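These notes are about the structure you will find just below.
The values are calculated or read from the model by the stated rules, or taken from the named source; none is laboratory data. Predicted model, so just to flag it, every value in this text is computed and none were measured. Note: ideal-geometry Cβ built from the backbone for every residue, glycine included; neighbour counts use all protein chains shown. In case anyone asks, the SASA skips ligands and DNA or RNA and just uses the protein heavy atoms, side chains included. Shrake-Rupley method; radii C 1.70, N 1.55, O 1.52, S 1.80 Å.
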Amino acid sequence: MWFSISDRNPIESSMIKDIEINPEANQAFVTYNNETRYLYTSIDTDDMFDLMFGNIKSFGKWVNEACKVEGVSSFKVCG
């Protein structure tokens, strides 16, 4: 099940427009402010919970530390 973190957490970001997550699959769709969109898979469970329960202060920092790391795959989504 997918849901938008941006709707639940009002953090303003200069880099991230929206984050949608599927915690059951440890996946995140990240839409950047320039409208590019990526699917990140195999995100660490602890990082997913931090995002879900508002234990972060920056969406951009979370993406850099949880999604752009070894073991996480990324796919650019077209369209």
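Of the heavy-atom accessible surface of the chain (probe 1.4 angstrom), what whole percent is carbon and sulfur? The partial results should precede the final answer.
Details: 2330 of 4870 Å².
That fraction is 48 percent.
Once the piece of chain linking Met52 and Tyr32 is laid out straight, how much longer is it, given 0.36 nm per residue of separation minus the C-alpha distance between them?
5.3 nm
Could you tell me how many cubic angstrom of Cα convex hull volume segment 34-79 has per residue?
Numbers: hull volume 3.8 nm³, N = 46.
Output value, Cα hull per residue: 83 Å³.
In debye, nearest 20, what is the charge dipole magnitude of the chain about its Cα centre with +1 on Lys and Arg Cβ and -1 on Asp and Glu Cβ, if you could check? Can you show the working numbers first?
Numbers: 7 positive and 12 negative charges, 53 e Å.
Dipole of the chain, to the nearest 20 debye: 260 debye.
With a 1.4 Å probe and every protein chain left in place, work out the accessible area per residue of the chain in Å², rounded to a whole number. Walk me through the intermediate numbers first.
Working: 4870 Å² over 79 residues.
Result: 62 Å² per residue.
Between beta-carbons, use under 12 Å as the cut-off and find the net charge around Asn26, counting Lys and Arg +1, Asp and Glu -1. Walk me through the numbers on the way to the answer.
Working: positive: none; negative: Glu24, Asp44, Asp46, Asp47.
Surrounding charge for Asn26 is -4.
Taking the Cβ of Val72 as the centre, find all other residues whose Cβ is under 10 Å away and add up their charges (Lys, Arg: +1; Asp, Glu: -1).
Values: positive: Lys68; negative: Asp44, Asp47, Glu70.
It works out to a net charge of -2.
How far apart, in nm, are the 7 Å Cα→Cβ label points at Phe75 and Trp2?
Between Phe75 and Trp2, the simple spin-label model gives 1.2 nm.
For the peptides 23-32, 40-49, what is the packing order when you average, over each peptide's residues, the other Cβ atoms within 10 Å and list the highest mean first?
On the way: 23-32: 17.2, 40-49: 15.7.
Output ranking for 23-32, 40-49: 23-32, 40-49.
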